[in-house]
1. Å³ per residue of the Cα convex hull, for the chain?
2. When the dipole is taken about the Cα centre of the chain, and only Lys, Arg (+1) and Asp, Glu (-1) are charged at their Cβ, what size is it in debye, to the nearest 20?
3. Let me make sure I get this right: for segment 114-246, a, b and c are the square roots of the gyration tensor eigenvalues over alpha carbons, sorted descending. Under 1.5 in a/c it's rounded, otherwise prolate if a/b > b/c, else oblate. Which is it?
4. Would you work out if segment 228-347 is rounded, prolate or oblate? Take a ≥ b ≥ c from the square roots of the eigenvalues of the alpha-carbon gyration tensor; rounded if a/c is under 1.5, else prolate when a/b is larger than b/c, oblate otherwise.
5. Does segment 64-138 classify as rounded, prolate or oblate by the C-alpha gyration tensor (a ≥ b ≥ c root eigenvalues; a/c under 1.5 gives rounded; else a/b over b/c gives prolate, otherwise oblate)?
6. Taking all protein chains as present, what is the carbon and sulfur share of the accessible area of the chain, in % to the nearest whole number, probe 1.4 Å?
7. For segment 141-153, what does the Karplus curve 6.51 cos²θ - 1.76 cosθ + 1.60, with θ = phi - 60°, yield as ³J(HN,Hα) per residue in whole Hz, taken in order and with x for Gly and Pro?
8. What is the sum of charges around Gly282, taking Lys and Arg as +1, Asp and Glu as -1, for the other residues whose C-beta is under 14 Å from the C-beta of Gly282?
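The values are calculated or read from the model by the stated rules, or taken from the named source; none is laboratory data. None of these values were measured; they are calculated from a predicted model. Quick reminder, even Gly has a Cβ in these numbers, built from the backbone with ideal geometry, and neighbours come from all protein chains shown. Just so you know, the surface numbers come from the protein's heavy atoms only, side chains and all, with ligands and any DNA or RNA stripped out. Shrake-Rupley method; radii C 1.70, N 1.55, O 1.52, S 1.80 Å.
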Amino acid sequence: LRDDRHVPTQSHSQQPNHHRDELERAAMARAVELAARGLGSASPNPVVGCVLLDAGGRTLGEGWHERAGGPHAEVVALRAAGDASRGATAVVTLEPCNHTGRTGPCSRALLDAGVRRVVYAVPDPHGVAAGGAATLAAAGVEMVSGVGAEPAERVNAAWLHSVRTGRPYVTWKVAATLDGRTAAADRTSRWITGPEARAEVHLLRAQADAVVTGIGTVLADDPQLAVRALPTRGSPLGPVPATVRQPLRVVLDAAGRTPPDARVRDTAAPTLVLTATEVGSGPDGRGVDLDAVLALLHERQVRSVLLECGATLAGAFVDAGLVDRVVAYVAPALLGQGPAALTTRGVGATIGAIRRLVLQDVGLVGADVRLVAALD
Ligand SMILES: NC(=O)c1ccc[n+]([C@@H]2O[C@H](COP(=O)([O-])OP(=O)(O)OC[C@H]3O[C@@H](n4cnc5c(N)ncnc54)[C@H](OP(=O)(O)O)[C@@H]3O)[C@@H](O)[C@H]2O)c1
């Protein structure tokens, strides 16, 4: 869009449509980037980005939804564009809202500003009646949906998943050697990956509403699980947030064995220790009931969970079908012994039971490899 070659001399209506489509797809990619700036601060609201284009495809204004209670992405972009938004095209990652919450419906704001065309990626998951597309279309605004839907879905995965399923989106983070070990056999090793990968885990924590661990990890490692040292640069996982919001720390601890002086109980962030008394036992009487844990967290407006635990709890989450995404840091190192990344009962006893994930991204982080993969 910053490229002058894209600035046509014809009016919008005379442009060949494929050129307009190309400009709108590029604007949608930019809107997804803007939306990502809300990761870690917009929750429990969705992350949304918006770009306003003039008839020639030039950017008039940009916006993203920064925090619940703050202005929506469309409104920020309309303010930036001012009077120029009359006749503009709004490119937005999520269908504009139709309800009067704390900030008024975006459908109305777009109409009042004289926007003529709205291109959005993902329909409102609350259903046809909830979104603003029908209102805007009825008022004569040209509506286009589905443009750039995949990256727009991905950036907003936590919120969309919560609305669709009624439970938080769970990312399991794991750091392992090339031979799949997550700790040394004698428990002497603390860090498997390098400082860059470890800093990125703080980014994942900052993006999450809650960080969940098991009592096994608390007793073995005494982790603090708060956001301390963010990386200096963003990554495909998202930008470095401007302001850090500490996640809720959650320990799953059926018998209440979390020591009073465990670091996870310090004042750096709020903490919830969930025992079997509070949430019930797991289906086979072991641990706590994971469905009940996620239901409780959903009720507390937790939309995204980062699971940072050992093989036992990670395996229980996988077996229960409660992991949505894996972020794995693989160090080019061999241990030969020590706990594996995952202990499950359901996966992989025979090759027919192998669990294949959908690879979303691969990258280098310092000397380690980051793999991002989604589960069905
Ligand atoms: N490399 C990494 O990314 C990484 C990350 C974290 C930990 N680790 C390593 O993992 C090791 C600890 O592993 P771990 O397997 O002992 O600990 P864990 O998976 O963190 O915790 C396991 C414990 O969680 C409790 N739990 C509560 N609800 C459960 C449920 N529904 N299903 C299963 N367990 C449930 C159980 O204890 P109760 O029954 O008493 O509740 C269980 O023993 C440490 O050596 C640590 O270094 C590695």
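1. Once divided by residue count, the hull of the chain is 159 Å³.
2. Dipole of the chain, to the nearest 20 debye: 340 debye.
3. Note, shape of segment 114-246 comes out prolate.
4. Oblate shape, in that a/c is at least 1.5 and b/c is the bigger or equal ratio.
5. Verdict is oblate for segment 64-138.
6. Percent of accessible area from carbon and sulfur atoms in the chain: 52.
7. Result, rounded to whole Hz: 7, 6, 10, 10, 10, x, 6, x, 5, 5, x, 5, 5.
8. -4
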